[in-house]
Amino acid sequence: MELTILRKTKTELELQVTGEDETILHPITHMLLLNNDVEYAAITAENPLAPVKTLIIRVKKGSPEDYLKKAVKQLEDEIKAFGKHIP
């Protein structure tokens with residue numbers, strides 16, 4: 001996976017994600033949207049099969065990068081908790 005910053009402002013972050021598909025990006029976007037301080041989070045692509053996706057995050061306050069890190073950590077914790085319940 002390769003991440004490239006396309007655009008960054010105080011409240012917005014646009015990342016180019018190469019080598020990953022919606023399998024990981026949708027859960028991350030979902031976790032972002034559960035946070036009330038995240039105003040907008042979405043994935044875009046030129047076409048569904050394109051190997052390059054764009055992750056766009058806009059927040060009301062704070063750093064978009066911090067919210068992204070927090071969402072990834074929350075997702076990681078959820079997956080670990082799920083794994084503990086597997087017989």
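The residues in the stretch 37-72 that are assigned to a strand (DSSP E or B), β-branched (Val, Ile, Thr) and touching a residue at least 40 places away in the same chain (Cβ under 8 Å) can be counted, and the count is 4. Of note, Leu75 does not satisfy the criterion of being among the aliphatic types (A, V, I, L, M) and more than 16 Å from Glu20 (Cβ to Cβ).
Against the numbered list (1) surrounded by 11 or more Cβ atoms within 10 Å (Cβ to Cβ); (2) at pLDDT below 95; (3) not acidic (Asp, Glu), His85 comes up short only at (1). Lys80 falls short on exactly one of the conditions (1) surrounded by 15 or more Cβ atoms within 10 Å (Cβ to Cβ); (2) part of a helix (DSSP H, G or I), and that condition is (1). Checking each residue in the stretch 48-59 for being loosely packed, with under 12 Cβ neighbours inside 10 Å and over 19 Å from Thr4 (Cβ atoms) picks out Pro48, Leu49.
Against the list (1) under 15 Å from the mean Cα position of the chain (by Cα); (2) surrounded by fewer than 15 Cβ atoms within 10 Å (Cβ to Cβ); (3) at pLDDT 95 or above, the condition Ile24 fails is (3).
The values are calculated or read from the model by the stated rules, or taken from the named source; none is laboratory data. Quantities reported herein were computed from a predicted structural model and do not represent experimental measurements. All Cβ positions, even for glycine, are placed from backbone atoms using ideal geometry, and neighbour counts span all protein chains on display.
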